[in-house]
């Protein structure tokens, strides 16, 4: 409840005063390094368990990879069906390709020792998703959702003005 209240008060402050808006601009990049540190710590703490359950982790990896391979094309079809623009279509690909393993991970890590396998599978899923997202960053703009030529022309014309 405290983080939500803090976020709401910060937004209120940013709308009312320039110093609040500056604060939001300065701190906007902070979630990225904090998420990276969190992932590093979680993976470092769980790597031994993954090694222990490597055969099971190895069985689920192909399923995760197949899901990530199919989702961009399903998202593309969905974006076409709903006539989404390029940016919305790209957002759909990235959000459909991940299954919120980072949301479930704290719950899995809090399970008793008899449930270690659940955390191993979720950490493995997180690792596959991270690698998959890096691949998406390269392939989605160049293959799945390319900017249309007319959009490029209109951007070029607006820059000349």
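Listing for the model above:
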{"read-out": "Matching entry among 144, 122 (being surrounded by 16 or more Cβ atoms within 10 Å (Cβ to Cβ) and over 16 Å from residue 47 (Cα atoms))", "value": "144"}
{"read-out": "The listed residue being within 28 Å of residue 144 (Cβ to Cβ) and part of a helix (DSSP H, G or I), out of 41, 84, 77, 24", "value": "77"}
{"read-out": "Top-ranked residue in the range 132-147 [being at pLDDT 90 or above and out of contact with any helix residue (DSSP H, G or I) (no Cβ under 9 Å at 6 or more places or on another chain); ranked as nearest to residue 73 (Cα to Cα)]", "value": "138"}
{"read-out": "Count of the range 79-100 residues which are crowded, with 18+ Cβ neighbours inside 10 Å and without any contact (Cβ under 8 Å) to a residue 24 or more places away in the chain", "value": "1"}
{"read-out": "Number of the condition not met by residue 112 [criteria: (1) more than 22 Å from residue 35 (Cβ to Cβ); (2) at pLDDT 90 or above]", "value": "(2)"}
{"read-out": "Filter pass, residue 76 being under 20 Å from the mean Cα position of the chain (by Cα), surrounded by 10 or more Cβ atoms within 10 Å (Cβ to Cβ), within 29 Å of residue 131 (Cα to Cα) and touching a residue at least 12 places away in the same chain (Cβ under 8 Å)", "value": "yes"}
{"read-out": "Which numbered condition residue 113 misses (of (1) more than 15 Å from the chain's Cα centre (by Cα); (2) buried (at least 16 other Cβ atoms within 10 Å of the Cβ))", "value": "(2)"}
{"read-out": "Scope the range 9-21; condition in a helix (DSSP H, G or I) and surrounded by 11 or more Cβ atoms within 10 Å (Cβ to Cβ); matching residues", "value": "9, 10, 11, 12, 13, 14, 20, 21"}
{"read-out": "Boolean, residue 36 is modelled with pLDDT under 90 and surrounded by 10 or more Cβ atoms within 10 Å (Cβ to Cβ)", "value": "yes"}
{"read-out": "Condition check for residue 6: assigned to a helix (DSSP H, G or I), under 30 Å from residue 119 (Cβ atoms), without any contact (Cβ under 8 Å) to a residue 40 or more places away in the chain and under 21 Å from the mean Cα position of the chain (by Cα)", "value": "no"}
{"read-out": "Search result, residues across the range 111-131 that are over 13 Å from residue 61 (Cα atoms) and either touching a helix residue (DSSP H, G or I) at 6+ places or on another chain (Cβ under 9 Å) or touching a residue at least 12 places away in the same chain (Cβ under 8 Å) (or both)", "value": "111, 115, 116, 117, 118, 119"}
{"read-out": "Among the candidates 60, 103, residue that is surrounded by fewer than 20 Cβ atoms within 10 Å (Cβ to Cβ), touching a helix residue (DSSP H, G or I) at 6+ places or on another chain (Cβ under 6 Å) and assigned to a helix (DSSP H, G or I)", "value": "60"}
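The values are calculated or read from the model by the stated rules, or taken from the named source; none is laboratory data. Given the structure is predicted, the values throughout are model-derived calculations rather than measurements. Every residue, glycine among them, receives a Cβ derived from its backbone with ideal geometry; neighbour counts consider all protein chains shown.
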